[in-house]
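Read through the structure below, which is laid out as structure tokens, and then see the notes.
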Amino acid sequence: MSQALHWTAYYERMEKNAPLKIYYPLCGGGEECIFVCPYSDSIWEVVPIKVDLFGFREKVRLRPFIANPEACKKCYLCVQACPTGALRPAEEEIKHPSFVLLYNALRLPFKKRYGTKFVFRKEHREKFKRNNWPERYGVI
Ligand code: SF4
């Protein structure tokens, strides 16, 4: 557990090599991105990293990471499915994270494809719990 890297290490790696990046303090860990990616098995990994959840209590959590960016087809389905705005094209900056989170939370009920119903599906609720409290589930 103590060997987990800080979230900025993964953020910087994606910023350099991947067409997408994840601003981890906004990531809820529900794995909606991995769920919708047509090539998820060859692109994504879930890794233990040190990060807070929406600004609360930094600790080791499990989070999605683009381990093999060369396999990405840039369809951006994962970006559409991200409920918090944490996942975005590499060239897009996050200047005001709190605003991004609020904006995405407010628009969630109005999203046609990946709205509230999608985010609160059982599999995402379970991933959310496991990835934010991995010690309780014995996965770290
Ligand atoms: S852009 Fe498309 S192919 Fe690339 S990681 Fe996202 S969903 Fe997968």
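The values are calculated or read from the model by the stated rules, or taken from the named source; none is laboratory data. Quick caveat: nothing in here was measured; it's all calculated off a predicted structure. We place every Cβ from the backbone using ideal geometry, glycine too, and count neighbours over all the protein chains shown. For the accessible areas, the whole protein counts, side chains as well, though only heavy atoms, and no ligand, DNA or RNA atoms are used. Shrake-Rupley method; radii C 1.70, N 1.55, O 1.52, S 1.80 Å.
Among the candidates Phe118, Phe110, Phe65, which residue alone is within 15 Å of the ligand (Cβ to nearest atom), over 18 Å from Glu12 (Cβ atoms) and modelled with pLDDT of 95 or more?
Going through Phe118, Phe110, Phe65 in turn, just one is within 15 Å of the ligand (Cβ to nearest atom), over 18 Å from Glu12 (Cβ atoms) and modelled with pLDDT of 95 or more: Phe118.
Across region 44-63, what is the total count of residues that are aromatic (Phe, Trp, Tyr) and either more than 15 Å from Lys21 (Cβ to Cβ) or touching a Lys or Arg at 6+ places or on another chain (Cβ under 9 Å) (or both)?
Residues flagged as aromatic (Phe, Trp, Tyr) and either more than 15 Å from Lys21 (Cβ to Cβ) or touching a Lys or Arg at 6+ places or on another chain (Cβ under 9 Å) (or both) within region 44-63 amount to 2.
Sort out which residues of region 68-107 are within 15 Å of the ligand (Cβ to nearest atom), under 15 Å from Tyr11 (Cα atoms) and of a type in the set (A, V, I, L, M), and write them in order of number.
Ala86, Leu87, Ala90
Kindly state which helices (runs of 4 or more DSSP H) lie completely within region 26-140 and contain at least 2 residues that are surrounded by 15 or more Cβ atoms within 10 Å (Cβ to Cβ) and of a type in the set (Val, Ile, Thr).
Once the helices (runs of 4 or more DSSP H) in region 26-140 are filtered for at least 2 residues that are surrounded by 15 or more Cβ atoms within 10 Å (Cβ to Cβ) and of a type in the set (Val, Ile, Thr), what remains is 32-36.
Picking from Ala81, Ala105, Ala71, which residue would you name as being out of contact with any helix residue (DSSP H, G or I) (no Cβ under 8 Å at 6 or more places or on another chain), farther than 20 Å from His6 by Cα and of a type outside the set (Asp, Glu)?
Ala105
Does region 2-18 include one or more residues that are hydroxyl-bearing (Ser, Thr, Tyr), more than 16 Å from the ligand (Cβ to nearest atom) and open to solvent by 50 Å² or more (accessible area, probe 1.4 Å)?
Within region 2-18 (the criterion being hydroxyl-bearing (Ser, Thr, Tyr), more than 16 Å from the ligand (Cβ to nearest atom) and open to solvent by 50 Å² or more (accessible area, probe 1.4 Å)), the answer is yes, since at least one residue qualifies.
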